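What follows is a set of notes on a single structure, which appears directly below.
Taken together, the values in this text are just the output of simple stated rules run on the coordinates, not laboratory data. Because the structure is a prediction, the values reported are computed rather than measured. Cβ atoms come from the backbone with ideal geometry, glycine included; neighbour counts cover every protein chain shown.
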Amino acid sequence: MPQRPFQSSQPSPEFTEVTPLGHDAQSLADDLRRHFNWTLGRDRHCRSVYYTYTALAYTVRDRLMARWRDTRQAYEEADCRRAYYLSLEFLMGRTLNNALLNLGLDQPMQTALQQLGLQLEELLDAEHDAGLGNGGLGRLAACFLDSCATLQLPVMGYGIRYEYGMFRQRLRKGYQVEEPDHWLRDGNPWELERPEHTIRVQFGGRCEHTHDDHGRHRVRWIDTHDVLAVPYDTPIPGYRNGTVNTLRLWKAAATDEFKLDEFHAGAYPESVAAKNAAENITMVLYPNDASENGKELRLRQQYFLASATLQDILRRWLARPHRKLSNFAEKNCFQLNDTHPTIAVAELMRLLMDEHDMQWDEAWAIVTQSMAYTNHTLLPEALERWPVRLFANLLPRHLEIIYEINGRFLADIAQRWPDDAARLQRMSLIEDGPDPQIRMAYLALVACHKVNGVAALHSRLIQQHLFADFYALWPEKFTNKTNGVTQRRWLAACNPKLTTLIGQHIGEDFITQLDRLRDLRGLADDPAFQRQWHEIKFANKQALAARVASECGVQFDPQALFDIQVKRIHEYKRQLLNVLHIIHRYDRLLRGDDQGLVNRCILIGGKAAPGYVRAKEIIKLINNVAAHINGDTRIGERLRVVFFPDFRVTAMELICPAADLSEQISTAGKEASGTGNMKFMLNGALTIGTLDGANIEMREQVGEENFFTFGLTAEEVLKRRKHYDPNTIIAEDDDLKRVMGMLESGDFNAQEPGIFDPIIHAIRDPHDPWMTAADFRSYIDTQMRVDQCYQDQAQWTRMSILNTAASGRFSSDRTISDYNQEIWKLEPIKA
Ligand code: 26Q
């Protein structure tokens with residue numbers, strides 16, 4: 001274990017007794033100066049705003065510490081049941097502004113900074129995003145942490161401290177170029193290293209089967225290559241309630257054996273290489289939001305997280321004398337964020353049996369009672385599978401355990417459905433073939449007592465299609481938990497003007513009870529309120545326009561309709577359909593057919609997985625179409641298009657308050673939920689959307705008259721597939737025919753012949769899984785209704801207010817309450 005002397009002599013009680021820090025402007029200003037001058041050792045010659053930001057962060061962090069300790073102690077003393085959110089991704093974004101808000105320090109800090117002649121905005125902007133996630137799944141985890149702390153639930157997040165987060169996106173000649181995101185380079189004032197809780201994680205080696213003195217079968221996992229897991233804790237403050245929860249992220253470090261064995265053998269370079277190999281495990285986030293399967297390093301990351309986390313939790317559990325493993329499941333539960341941490345199932349079995357002498361049935365009972373699994377995807381190709389041979393090398397003991405789980409499971413199936421070989425093959429955890437694969441989702445389904453989708457439609461489709469066999473077996477396991485977002489970050493922090501206006505009219509309770517936004521309905525028709533609402537939206541649009549001008553060199557007129565689609569670039573999300581609409585609009589403007597068209601500024605943003613060639617072609621297409629249209633003087637102010645580079649959490653905080661129209665246009669049945677859609681709705685954007693994911697529930701809440709619905713339903717998509725004929729659709733639709741003609745004649749790539757041919761072919765392919773052409777007509781017609789509506793600004797503003805008013809259900813506070821009521825069953829604990 002760690003070599004450093006952590007067992008030092010006990011300090012006197014006075015040593016840890018501290019007087020609370022002041023929350024007034026004067027105390028804040030004093031501490032800020034102290035940290036700048038003494039902690040950081042800077043002076044008036046320091047030119048970098050980053051040090052001032054860091055001093056500010058320390059000042060705020062100091063004020064989290066006592067609450068953090070008190071929260072930990074309150075949980076310990078209550079000896080309460082706890083939940084652990086296991087996720088390969090936590091897309092936290094920035095911390096400072098959120099911490100100021102949740103601690104209620106925003107006002108006094110403004111005063112303090114004024115005293116010192118500093119600009120809060122500028123300091124906030126010096127913080128790097130913690131981009132430890134790809135998109136929706138990772139950001140959801142971050143929203144959940146905020147809600148758990150605000151609801152005072154004893155929940156801890158466990159993840160990986162990637163040295164490099166989500167890559168930075170640059171554009172070169174309209175193509176995406178990835179640059180590494182070394183977010184920790186300037187230090188991270190929010191994390192606290194806790195080397196005293198270091199854990200050893202094993203890899204490789206072999207299994208030795210023996211019998212102990214009592215004749216019991218024992219397994220030893222030996223000759224392994226071990227890696228140390230060092231925890232880094234980040235405080236997660238609840239909203240003004242004294243609670244501070246913990247996000248624990250693991251960093252990989254080489255064990256000291258590296259130095260001893262190989263260094264002494266004279267193989268210095270080899271020993272350094274081995275050390276690097278160990279530390280590589282947490283070097284970089286995999287930037288795929290739909291799977292790119294079979295990469296050994298990714299499996300290493302998953303196991304590293306699962307093993308370090310479970311050992312940490314078991315160790316803490318057994319540290320108190322009265323505790324036994326037999327009641328572990330009564331007091332502990334795990335939520336698996338998709339299948340990514342699902343190896344935890346086999347790891348908990350291993351730890352209980354091999355390290356803690358437990359028998360299979362007792363261990364299995366603990367696993368099944370404590371684990372729950374959330375699915376985030378309906379794309380079959382995105383379901384995780386791992387080659388058995390990879391497991392045999394990397395995790396031989398876990399492979400044995402998974403085979404045993406599968407053997408017992410299939411025996412049950414054979415009993416329930418005798419003579420049904422096809423079913424056994426369908427449901428087996430092992431997919432047969434020349435290179436057999438472990439189906440991680442099935443492992444999660446077998447081992448977890450609850451499994452949920454993330455929106456009503458998604459949960460239904462999981463039961464009826466994706467996991468139908470398992471639903472037939474265990475219908476009681478399946479449940480829905482519709483996603484949500486935290487209104488602290490996604491309204492109060494990112495849209496302070498609107499937050500103030502709302503607060504003045506209905507009170508500030510909505511910051512912890514988002515349902516209260518319902519009270520805005522009574523104000524939707526009030527012209528004075530409408531005017532204020534509109535003015536705030538306008539100011540937010542001006543702010544975004546300024547950023548678009550500096551980032552993209554394009555002028556957005558805040559009078560125009562701001563039409564926005566930001567999310568990962570993926571074919572199923574159909575950025576292509578958006579482009580077809582843009583080209584169609586451009587075509588109409590060119591032809592002078594501009595009846596009923598309002599001025600529009602269209603912004604598209606998002607990252608493509610570096611290996612996803614088609615997604616990268618779509619980015620290039622958007623950029624070419626944008627450059628062509630923006631450069632066409634005949635169009636004037638009527639249409640502006642930009643691709644906003646490096647879309648990330650912090651960009652969304654600027655974008656969503658400024659949106660008039662939110663594009664949620666996935667092929668129905670493909671988007672599990674969507675959460676960007678909720679952030680837009682909360683900030684008063686109207687949605688144009690398919691009946692997919694959470695769109696359906698948003699529309700239900702706001703009423704169909706306040707929601708622009710279009711396109712095939714999920715059921716219709718399934719039916720149409722069999723005789724989908726995009727070429728006939730194109731031939732019979734003059735608008736689409738012209739759009740395809742413009743694409744095909746190279747209007748947007750005159751200097752780069754042929755580059756869009758693959759995209760054109762994909763649209764015309766009868767097997768196009770995303771059926772872009774099928775929804776074109778209804779999309780275009782619905783976009784026309786949008787224009788019509790926008791022409792009546794009072795009417796638009798009324799609908800905008802009604803959308804915010806109806807967004808209460810989409811708070812992650814509600815989602816977390818749902819998880820807690822049905823799955824975690826935790827008591828809130830006052831810190
Ligand atoms: C898998 C294997 C190897 C490498 C990477 C991955 C991987 C990583 C991330 C696979 C999937 C993801 C992320 C998926 C995701 O973000 N899904 C989204 O989850 C949101 C929250 O529930 C939903 O709102 C979105 O609909 C869903 O697309």
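In straight-distance terms, cross-link reach from Lys251 covers every one of the lysines whose alpha-carbon lies under 26 Å from its own, apart from those fewer than eight places away in the same chain; here that gives Lys259, Lys275, Lys295, Lys607.
Once you have the Cα-Cα distance between Trp474 and Arg194, take 0.36 nm times their residue separation minus that, and quote the gain in nm to one decimal.
Length difference between fully extended and current span is 96.6 nm.
Taken over the Cα atoms of region 129-221, the convex hull encloses 234 Å³ per residue. Cβ crowding within 10 Å, taken as a proxy for footprinting-reagent exposure, orders His465, His534 from fewest neighbours to most as His465, His534. By the count of neighbouring beta-carbon atoms within 10 Å, fewest first, Lys670, Lys737 end up ordered Lys737, Lys670. Run the reach check for Lys567 against aspartates and glutamates, Cα to Cα strictly under 14 Å, same-chain hits fewer than 8 apart removed. What comes back? Cα-Cα hits under 14 Å: Asp289, Asp646, Glu653, Glu663, Glu671. Sorting the segments 16-28, 207-219, 330-342, 581-593 by their residues' average number of neighbouring beta-carbon atoms within 10 angstrom, most packed first, yields 330-342, 581-593, 16-28, 207-219.
Helices that extend 24 Å or more along their long axis by alpha-carbon positions and average at least 0.0 on the Kyte-Doolittle scale are, among the DSSP H runs of the chain, 613-630.
What's the ranking of 81-89, 774-782 by average number of surrounding C-beta atoms within 10 Å, highest first?
In descending order of packing, they fall as 81-89, 774-782.
Of the residues Met109, Met784, the one with the fewest other Cβ atoms within 10 Å heads the list, and the complete ranking is Met784, Met109.
Using +1 at the Cβ of each Lys and Arg and -1 at the Cβ of each Asp and Glu in region 158-239, identify which of Trp183, Gly205, His225 lies farthest towards the dipole's positive end. The residue sitting most towards the positive pole is Trp183. With helices as the sole contributors, the chain gives -13000 deg cm²/dmol at 222 nm; each DSSP H run of n ≥ 4 counts as -39500 (n - 2.57), and the sum is divided by every residue.
Here the simple spin-label model places points 7 Å from the Cα toward Cβ, and for Ala543 and Asp420 these points are separated by 5.6 nm.
What separates the Cα centres of region 698-734 and region 542-578 is a distance of 24 Å. In this structure, Glu270 and Asp226 have a Cβ-Cβ separation that, at R0 = 22 Å, corresponds to a calculated FRET efficiency of about 0.85. Each distinct pair of alpha carbons in region 1-145 adds a 1/r term; the inverse of their mean, the Kirkwood radius, is 17.9 Å.
With Cα atoms defining each centre, region 471-499 and region 590-623 are spaced 29 Å apart in the structure. In the structure shown, the pairs Lys450/Lys670; Lys331/Lys825; Lys616/Lys722 are assessed against 18 Å; a Cα-Cα span above that value is assigned to Lys450/Lys670; Lys616/Lys722. Highest-first packing order for the peptide set 427-440, 560-573, 407-420 is 560-573, 427-440, 407-420, based on the mean count of other beta carbon atoms within 10 Å. Modelled spin-label separation between Ile760 and Ser550, with each label point placed 7 Å from Cα along the Cα-to-Cβ direction: 4.0 nm. Rg to Rh ratio, the chain, alpha-carbon atoms and Kirkwood radius? Answer for the chain: 0.97. The convex hull drawn around the Cα atoms of region 579-703, when projected onto a plane and averaged over every direction, covers 8.8 nm². Averaging the Cα positions of each part gives two centres, and for region 20-49 and region 316-335 these lie 43 Å apart.
Placing R0 at 35 angstrom, the Cβ-Cβ distance between Ala365 and Asn293 gives a FRET efficiency of 0.65 after rounding to 0.05.
Among beta bridges from DSSP that stay inside the chain, the antiparallel ones total about 45%. With both labels modelled 7 Å from their Cα along Cα-to-Cβ, the Ala528 to Glu121 distance reads 2.9 nm.
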